[in-house]
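What follows draws every value from the coordinates through simple rules; no lab data is involved. Computed from a predicted model, the values in this text were never measured in an experiment. Glycine also receives a Cβ, built like all others from the backbone with ideal geometry; neighbour counts cover every protein chain displayed.
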Amino acid sequence: MLAGTEATAIAERVEKLRSLLNEANYRYYVLDAPTLPDSEYDGLLRELQAIEVDHPELLTSDSPTQRVGAGPVKAFAEFGHAIPMLSLNNAFSEEEVAAFDRRVREGLDRMDAAIEYAVEPKFDGLAVALHYQRGVFVSGATRGDGARGEDVSANLRTIQSIPMRLGTESPPEWLEVRGEVLMLRRDFERLNEAARSNGEKTFVNPRNAAAGSLRQLDARITARRRLSFFAYGVGRIEGVSLPESHTAVMDWLTALNLPVSNECSAAIGVDGLMRYFHALGARRDALPFDIDGAVYKVNSLADQAVLGFVARAPRFAIAHKYPAQEEITQVLGIDVQVGRTGALTPVARLKPVFVGGVTVTNATLHNEDEVRRKDVRVGDSVIVRRAGDVIPEVVGVLPERRSMRDLVTPEFPPFSMPSACPECGAPVIRLEGEAAARCSNGLSCPAQRKQALFHFASRRAMDIEGLGDKLVEQLVENDLIATPADLYDPSKVNRESLASLDRMAEKSAENLVQAIKDSRSRELPRFIYALGIRNVGEQTAKDLARHFGNLDALMAADAEALHEVPDVGPVVAESIRAFFSEPHNLDVIERLRQAHAWKDGEARRIAVGKLAGKTLVVTGTLPSLSRDQARALIEAEGGKAAGSVSRKTDYVVAGAEAGTKLAKAQELGIRILDEAAFFELIQHGDNTQ
Ligand code: IVH
């Protein structure tokens, strides 16, 4: 023990350190706007740790040092909820939402009123209750069966966005906060990446990862997993009276430093609910976390009390679900497809399943290592995921079901890549450090030839209407064409030769000949993209065209010159150089040049546009332009239309209901333009600098 003044000084320093660290945590994890550099944070944390070691009497459970996770326990203690944690009824259609709204109006005896609702994402994680006594986090539990859950206090302490002390001078005697623990997608990817590189099992989705992490008996493991929390309600409270509405309660929680998603809002009537549902649904894949629906809650707490509960769910709230993005189905076979660059992709043939809004019959297994790691075999029950426009993928197998199946049928062997190309029989090679096995036959492999031609003709490349995969297949198989240059050779592709193909009418042959003619003189970015150089996508093709201005300059560029192009790294540079040093490719390009397949120079003009060298991000709904139109205008003026906001962003063009990108721009102090200011900028350039 220390004498008076020194003891006070140390206690004060401890208080000061804790409040600095708490503040830094809050800014970093809740506001997503860090103010303290990592090194300083670490320094302060170490100082606090050192004092607590020397003066254990000063250690408290809410100290920021306690977030690293306590040691393992044998089992979780049971935790009885003072007020049961209920579930929500579901609605799957607008009719069901309208019926819910009708029941609400009936229940309130206000048939003609338009009801105000609080609207929120339905977070796809797990429900927990957090308990604060006089503003200090004292315990927390999972939902369990609603009446009794598990005491996971030690694990919850490791979640950095959960405050260990509420941000108020006058905390309520007791506050129970309810919300969802989840794992952000980026943290999930990071976790799985680490698991993959250590040869460990990966999690199938962020929800499972969050559940697995929160229920770790050793909280030090939870601490390393990076979980997040969003509040969506309160449970038992003492010593404070709540405001009048749910949204006001959420604002109050926000003021107490609790994380509330900025997707939470309010809406009026069924129309308002549906608008929110569609707007949130449109952004579903771009959100930092998984959601499986929207939740609507009658906003007035007095009205909520009138409506009450039926069975285990409130009458005042409902979950409106989006179509599931994951379903379970069975693997009927595993095929191997040969891609444009010869990469062999294992593809699972599936028992048809409705997922993400479409019927899926095939799902990619990415590559050999991926199939091995997941150990997907014919006959397995698997989880298939289709999110947005992303190609469906097999995320994992349900091994429990395999053992059941093995009772009736013998086990299938593990998958292995064929040693010969399934299309041309050439040896399959896998280069050191590459995930993909490849057919070694290059463009002599008909499958690669077909893919290269199909890509060349595709809409975003040379845009030759009518030249789809079936037709390309016939052209190659009948030896009419072997390279893109052959398309422009009238001795090979003409009305007669085309009309001689299966199911090819005179008229379609004529249309195709015309479409091929029309595809000449395409702009340079399209042409570069159409060449199908490995690792050169549409954006890189644009960047290259803008930088070099003509194809000859690009072809002559060495690695050093290529590195000057923004976003071109060593891998892309090497792919480009390899492509242009291949004699066969040079020959094809020369013939395409004779055919005037592209026009140079166009890109030069772009490079001197009003937005040359500027990066813009478009977000939200603009009054007259679609986002694609706005992007096209930016590019036409030589600017770069980027997808996410960073310090490199020059302007953010924001419309209605702009969300996190706008917030990020404000935080970074980036100039924000509405549509009118954007028009002004592209007409007159930036006059303010
Ligand atoms: S309110 C009495 N709001 O959905 C109402 N729940 O089916 C209690 N959930 O166990 C829940 N997002 O895990 C509410 N914005 C949200 C939610 C939400 C996700 C989960 C929660 C709950 C389940 C109910």
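List of remarks:
- Label point 7 Å beyond Cα of E506 along Cβ direction - residues of region 468-488 with amide nitrogen under 14 Å: none
- Our estimate of slack between V240 and D674, defined as 0.36 nm per intervening residue step minus the Cα-Cα distance, is 152.0 nm.
- Modelled spin-label separation between Q337 and A435, with each label point placed 7 Å from Cα along the Cα-to-Cβ direction: 1.6 nm.
- Centroid-to-centroid, using Cα positions, region 516-595 and region 269-285 are 42 Å apart.
- Each Lys and Arg adds +1 at its Cβ and each Asp and Glu adds -1 at its Cβ; summed about the Cα centre, the chain shows a dipole of about 760 debye.
- Lys/Arg +1, Asp/Glu -1 at C-beta; region 458-555 dipole; positive extreme among A505, A515, N550: N550
- Full extension of the segment from Q539 to A324, taken as 0.36 nm per residue of separation minus the current Cα-Cα distance, would add 74.3 nm.
- Shape box of the chain [Cα atoms, principal axes, largest first, Å]: 95, 75, 65
- Between amide H atoms placed 1.01 Å from N, distances below 5 Å from A91 occur with A319, H320, K321, all of them 5 or more places distant or on a separate chain.
- Dipole of region 231-376, positive direction: furthest Cα of P288, V347, N367, with charges on the beta-carbon: V347
- Length available on full extension from A286 to D389: 0.36 nm per residue minus the Cα-Cα distance, which gives 35.9 nm.
- Residue-count net charge about V306 - beta-carbon cut-off 13 Å; Lys, Arg +1, Asp, Glu -1: +1
- Estimated distance in nm for a label pair at V358 and L31, the labels positioned 7 Å out from Cα along Cα-to-Cβ: 4.3
- Loop-located GluC sites (Glu not before Pro) in region 541-586 (DSSP state not H, G, I, E or B) with no more than 16 neighbouring Cβ atoms inside 10 Å: E564.
- Applying a threshold of 22 Å to the alpha-carbon distances of K542/K599; K122/K374; K122/K648; K351/K450; K374/K450; K321/K664 flags K122/K374; K122/K648; K351/K450; K374/K450; K321/K664 as lying beyond it.
- Applying both filters, DSSP loop and at most 10 other Cβ atoms within 10 Å, to the trypsin sites (Lys or Arg not before Pro) of region 411-502 gives R459.
- With the helix formula -39500 (n - 2.57) applied to DSSP H stretches of n ≥ 4, the chain reaches a computed 222 nm mean residue ellipticity of -11000 deg cm²/dmol.
- The chain - percent relative contact order, Cα under 8 Å, separation 6 or more: 8
- Cut-off 10 Å between beta-carbons: net charge of the residues surrounding Q325, Lys and Arg +1, Asp and Glu -1: -3
- Proxy reagent accessibility, fewest Cβ within 10 Å first, across Y529, Y41: Y41, Y529
- A Cβ-based charge dipole, computed about the Cα centre of region 42-137 with Lys and Arg at +1 and Asp and Glu at -1, lands at about 240 debye.
- Taking 7 Å steps out from each Cα toward its Cβ at L58 and A426 produces label points 7.1 nm apart.
- Counting other Cβ atoms within 10 Å as a rough exposure proxy, the listed residues T8, T247 run T8, T247 from fewest neighbours to most.
- Angle in degrees between helix 446-457 and the longest Cα principal axis of the chain, rounded to the nearest 10: 80
- Using alpha-carbon coordinates, inclination of helix 675-684 to the longest axis of the chain, degrees: 40
- Using θ = phi - 60° in the Karplus curve 6.51 cos²θ - 1.76 cosθ + 1.60, the 3J(HN,Hα) couplings for region 75-82 round to 7, 7, 6, 6, 9, x, 7, 4 Hz; x is entered for Gly and Pro.
- Taking trypsin sites (Lys or Arg not before Pro) across region 138-196, none is in a DSSP loop with at most 16 further Cβ atoms lying within 10 angstrom of its Cβ.
- Label-reachable residues, region 196-222, where backbone N falls under 13 Å from a point 7 Å from V73's Cα toward its Cβ: 215-220
- Highest average first, the peptides 63-70, 451-458 ordered by how many other beta carbon atoms sit within 10 Å of their residues are 451-458, 63-70.
- Rounded to 10°, Cα long-axis angle of helix 38-54 versus longest principal axis of the chain: 30
- Global form of region 621-675, assessed from the alpha-carbon gyration tensor, a/c cut-off 1.5: oblate
- For L453, net neighbour charge (Lys/Arg +1, Asp/Glu -1) across residues whose Cβ lies under 10 Å away: 0
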